[in-house]
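The values are calculated or read from the model by the stated rules, or taken from the named source; none is laboratory data. Every value quoted in this text rests on a predicted model; they were computed, and no experiment measured them. All Cβ positions, even for glycine, are placed from backbone atoms using ideal geometry, and neighbour counts span all protein chains on display.
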Amino acid sequence: MSKVRVRFAPSPTGFLHVGGARTALYNWLFARKHGGSFVLRIEDTDLARSTDESVQGILEGMRFLGLDWDEGPGVGGSFGPYFQTERIDLYEEYAQKLVEKGRAYECFCTPEELDEQRRIQREQKLDMHYDGRCLRLTEAEKEAYRAEGRKPVLRFLSVKEGELEFPDIVRGSVKFPNSQVDDFVIMKSDGVPTYNFAVVIDDALMEITHVIRGEDHIPNTPKQIQLYEALGFEVPRFAHIPMILGSDKTRLSKRHGATSVTQFAEEGYLPDAMVNYLALLGWGYDDSQTLFSREELIEKFSLERVSKNAAVFDFQKLQWMNGVYIRELSLDEFYKRALPYLQQAGLVPEEMTADVEEKARKVLSEMQSRVKLVSEVVEMSRYFFTDDFAYDEKAVAKFLLKDQAADILSFLRSKFAEVDSFAEASLAPAFEAAMAEFDLKLGKVIPPLRVALTGTNVSPGIYEVLEILGKETVLRRIDRALALIAENSEE
């Protein structure tokens, strides 16, 4: 095998979505496994929809996932430029070569004339192909059209006899009758190449050996192979990977949830979890193994093990996997990732003092095993940083507005007020005294206190909560809960 060269070639008409990210990942893994080159090329010839913002979004998404490219924007390389709009002269050069070989011709048909052709074909139940009428134009007729102000497109003169067969690494042998390949446009009237033409020129000149892309490109492949052969280029190996579907088995879209890598990053998914999960959307090494490090993915990945069947995106499985990866982080790394969420929510200041950092670290050490998304630390730990939190109505009804709740809280408050240290050893006697006073087990004493301090009945251990909140805050929140109980009693 010659040195592997693969590419990811997104169109910058939006952010990097999970389908594109999965394609980029498979190319990256294949290149890294075979010691090859991974090229990032931006296909920005859709001038009406391509934006610089989308380019930056794609680059940020790739960097977030850790999919570094060997050639492309910001890196350079020997096969540039890596933006299609900077390669227009190359497309014009090779288009002219096709004209000289008699494999391309000018077409002056207007959109209205093409619509009429298609209407007639529909009525007569014919294949919906361009009928080649401009192939037979005389020079005089062409000049007459130019005089009218018509600007021609350039069409490829396709081979229509026989059958085209190509080997697909994922799908095996794929066959197409050449009659299905019409004389498609390769250069628009404004001099901008179409996708099928530009991608062939780029892949050939960049010496791409393997084209790994979504199965929606299968219908484009016969057109592209004919172009490769017409220009005398070597045809690369193809691997068409399966679509990604939502839970309802329709194509994954925004209505199913987050679809852009940027959005997943903002919600608190970790890069390694995303890479691990995306790798499994269509590929598997061993049914008994779900978690893979990047090194294991590189070692074990192969296109031959990619499924032909569509993959279903399971948000719950991704969240579970993300939680596993969060728990494996060091506290320092988790703190680094979680702190911006706390700051953005206004729970801690932008300029951290030593005391605030110490408290934040204690809180996050308790939250790390509980969250599935890093962003969840905001709501799950809000009560540690501010009194401005809402009580859970069900928890209040179940634990605060019950007999003895007020008495238990008042009793504990009096005991806590006498304690200087809020370490477990100093607080345990207060709970023992409450259990004896009310003839209750600890499981009945703690819930009303937990709701009073946190607003919910789910939190870290009560001693950890008490220690982190501190005496002043604990007493203030017990008073707040007692006031709430009194208010409801009056009603």
Exercise for the section: Output yes when any residue across the stretch 358-365 is outside any helix (DSSP H, G or I), within 20 Å of G461 (Cα to Cα), among the polar types (S, T, N, Q) and outside the structural domain of V458 (by TED's automatic domain parsing), and no when none is. Expected result: no
Handout entry: Extreme residue, farthest from S260 (Cα to Cα), among residues of the stretch 275-313 that are aromatic (F, W, Y) and touching a residue at least 60 places away in the same chain (Cβ under 8 Å)
Key = F301
Practice task
Go through (1) under 21 Å from D46 (Cα atoms); (2) modelled with pLDDT under 95 and name the single condition F197 misses.
Solution key: (2)
Exercise for the section: Please work out which residue is nearest to K33 (Cα to Cα), limiting yourself to the stretch 293-311 and to residues that are in contact with a Lys or Arg (Cβ under 7 Å, 6 or more places away or on another chain) and of a type in the set (A, V, I, L, M, F, W, C). Expected result: I298
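Does the stretch 344-353 include one or more residues that are over 15 Å from A273 (Cβ atoms), in contact (Cβ under 8 Å) with a residue 60 or more places away in the chain, of a type in the set (S, T, Y) and not in a helix (DSSP H, G or I)?
As a first pass, look at the stretch 344-353 and keep what is over 15 Å from A273 (Cβ atoms): 344-353.
Checking which are in contact (Cβ under 8 Å) with a residue 60 or more places away in the chain leaves us with none.
No, that holds for no residue.
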Problem - Breaking point among (1) out of contact with any Ser or Thr (no Cβ under 9 Å at 6 or more places or on another chain); (2) not assigned by TED's automatic domain parsing to the domain that holds V185, for E229 - result: (2)
Completion exercise
Residue pairs qualifying under the 8 Å Cβ cut-off, at least six apart or on distinct chains, with the first in the stretch 364-378 being crowded, with 20+ Cβ neighbours inside 10 Å and the second being modelled with pLDDT under 95 and outside any helix (DSSP H, G or I), are none
Practice task
Determine if the stretch 268-281 includes at least one residue that is closer than 20 Å to S381 by Cα, touching a Ser or Thr at 6+ places or on another chain (Cβ under 9 Å) and surrounded by fewer than 19 Cβ atoms within 10 Å (Cβ to Cβ).
Solution key: no
Practice task
Would you check if L318 is touching a strand residue (DSSP E or B) at 6+ places or on another chain (Cβ under 7 Å) and either surrounded by 13 or more Cβ atoms within 10 Å (Cβ to Cβ) or outside the structural domain of I212 (by TED's automatic domain parsing) (or both)?
Solution key: no
Exercise for the section: Kindly indicate the residue of the stretch 117-163 that is in a loop (DSSP other than H, G, I, E, B), free of Cβ contacts under 8 Å to residues at least 24 places away in the same chain and among the acidic types (D, E) and also nearest to A230 (Cα to Cα) among those meeting that condition. Expected result: E161
Practice task
For the stretch 165-187, enumerate the residues that are charged (D, E, K, R) and either in contact with a Pro (Cβ under 9 Å, 6 or more places away or on another chain) or buried (at least 16 other Cβ atoms within 10 Å of the Cβ) (or both).
Solution key: D168, R171, D182, D183
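In this structure, is S37 over 21 Å from A311 (Cα atoms), modelled with pLDDT under 95 and among the polar types (S, T, N, Q)? If you could, list the steps in order and put the result at the bottom.
On the way: over 21 Å from A311 (Cα atoms): yes; modelled with pLDDT under 95: no; among the polar types (S, T, N, Q): yes.
Criteria not met by S37.
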Problem - Subset tally (residues that are farther than 16 Å from G20 by Cβ and either surrounded by fewer than 20 Cβ atoms within 10 Å (Cβ to Cβ) or acidic (D, E) (or both)) for the stretch 210-219 - result: 2
